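Report on one structure; see the data block that follows.
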């Protein structure tokens, strides 16, 4: 695990600057912008940015509270990236080039922090957010104009922004010094300023380790309440603690949010299913898991391309309404990011989106009781993933600390070692999808399909299909399926796609 100088180990990949917050919040000054290199262009576009047939923002929860929809009630599959410091580290021209690249990979959502303390709370060209150092009720118009510009550029590219108003990993001490009244006033300022900007989801927290402390929780919620008092349109969510959590683990947030953010460095199906099964559920998305080219969690292979695929497909087949990708090169957007855009991780993210977006992904129901895939799903691995997630809920607990030490040296509970196959079926029986992390035989109860079904293997590393021999199959009895070999990357993960022929 690597950390920035002056950053706390408990903060995983993010800068934690409590001890220097006051010093970093300097007076408002302007520095002449440095020369900025143009961003690298990406592959062929897959859709015109900002096209009339794109989502109509703002987003909202679906009628059944399982996924997001736009203003026309069209399901919105969240496929995102996490350029958290985009507003402070990039010029408008660079931001536009970055977003154009991401749009070409099917990305429709960006996580952006409104404030960043890791760069002395300034934009790259020297604009600070507050006119009075440390006073969040003295917004600097020039800084917030920059935020306005970035939101407009995102809108031009058809993207929704998960906008964190005051991320807790770096700014919680500042909030404490300001108090709840000023936190509420700051929220009012933001709510009033951005109430008519359609492409926003408000996202609070960010490695919010101390949410169990009522005073800290109230401070962060005061910002949310302030926004709500001026802006009743946009939906909210909150990211709680690393290394595994869901927004609704803090019940006091339930009245303030419409979207549940799952967060884990463990097999993602476990945390997503935990949130999916809550009595008072909300749409779930995977806000943060392992990032490409990083290793900050318990896994020796961290954000390898294969681990990223496991995270993504486990999430989608466990009730997730989408997820965010992240990369060591682009979440901070420091020098050299331009050369690290077109990576395997983002290429295969597009393949994932292509598979789900072309089907009724929003109608998929997780096969939790294994009535669809009845054998071969690896019962032990599935249980291990749930166990390690459960004992790691409170990062400060003795159980979490003890098991963390065991896990570090044994690899138990890592994504790399977990081979749980996840499956989901649409309620009408027209579609079954099964993600298999490794090559093996699985048994499917074909009676769960609504009619004669075609069977294909989908390669998550190439986006290509391979027909299953003798397909189509009748919808009776059990049938064994097994991939014939490795995928295009030489690895063993595949997606079984069963689609029933139903009457028009």
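The values are calculated or read from the model by the stated rules, or taken from the named source; none is laboratory data. The structure displayed is predicted, hence computed values, not measured ones. With ideal geometry, Cβ positions are generated from the backbone for all residues, glycine too; neighbour counts draw on all protein chains shown.
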- line: Taking segment 460-479 and keeping only residues that are within 15 Å of residue 436 (Cβ to Cβ) and in contact (Cβ under 8 Å) with a residue 40 or more places away in the chain, one is left with 460, 461
field: Subset of segment 62-88 [assigned to a loop (DSSP other than H, G, I, E, B) and under 19 Å from the mean Cα position of the chain (by Cα)]
entry: 62, 65, 66, 67, 70, 77, 82, 83, 84, 85
query: Mind checking which residues of segment 310-324 are assigned to a loop (DSSP other than H, G, I, E, B) and closer than 15 Å to residue 355 by Cβ?
result: 317, 320
field: Residues (touching a strand residue (DSSP E or B) at 6+ places or on another chain (Cβ under 7 Å) and surrounded by 22 or more Cβ atoms within 10 Å (Cβ to Cβ)) located in segment 356-376
entry: 364, 367, 372, 373
query: So, in segment 225-246, of the ones that are touching a helix residue (DSSP H, G or I) at 6+ places or on another chain (Cβ under 8 Å) and free of Cβ contacts under 8 Å to residues at least 40 places away in the same chain, which residue ends up surrounded by the fewest Cβ atoms within 10 Å (Cβ to Cβ)?
result: 236
- request: Check 232, 261 and return the single one that is within 12 Å of the chain's Cα centre (by Cα) and at pLDDT 95 or above.
  value: 261
field: Residue check for residue 144: touching a strand residue (DSSP E or B) at 6+ places or on another chain (Cβ under 9 Å) and over 16 Å from residue 206 (Cβ atoms)
entry: no
- request: From the list 327, 318, pick out the single residue that is touching a helix residue (DSSP H, G or I) at 6+ places or on another chain (Cβ under 8 Å) and under 28 Å from residue 363 (Cα atoms).
  value: 318
message: One residue is enough: does segment 266-277 have a residue meeting the conditions crowded, with 24+ Cβ neighbours inside 10 Å and part of a loop (DSSP other than H, G, I, E, B)?
response: yes
field: One residue from 489, 447, 471 being modelled with pLDDT of 95 or more and surrounded by 16 or more Cβ atoms within 10 Å (Cβ to Cβ)
entry: 489
- request: Considering (1) within 23 Å of the chain's Cα centre (by Cα); (2) part of a loop (DSSP other than H, G, I, E, B); (3) at pLDDT 95 or above, say which one residue 151 fails and leave the rest.
  value: (2)
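Restricting attention to segment 118-127, does a residue exist that is in contact with a strand residue (DSSP E or B) (Cβ under 6 Å, 6 or more places away or on another chain), assigned by TED's automatic domain parsing to the domain that holds residue 235 and farther than 18 Å from residue 227 by Cα? It would help to see each step written out before you state the result.
In the first step, residues of segment 118-127 are kept if they are in contact with a strand residue (DSSP E or B) (Cβ under 6 Å, 6 or more places away or on another chain); the result is none.
Scanning segment 118-127, I find no residue that is in contact with a strand residue (DSSP E or B) (Cβ under 6 Å, 6 or more places away or on another chain), assigned by TED's automatic domain parsing to the domain that holds residue 235 and farther than 18 Å from residue 227 by Cα, so the answer is no.
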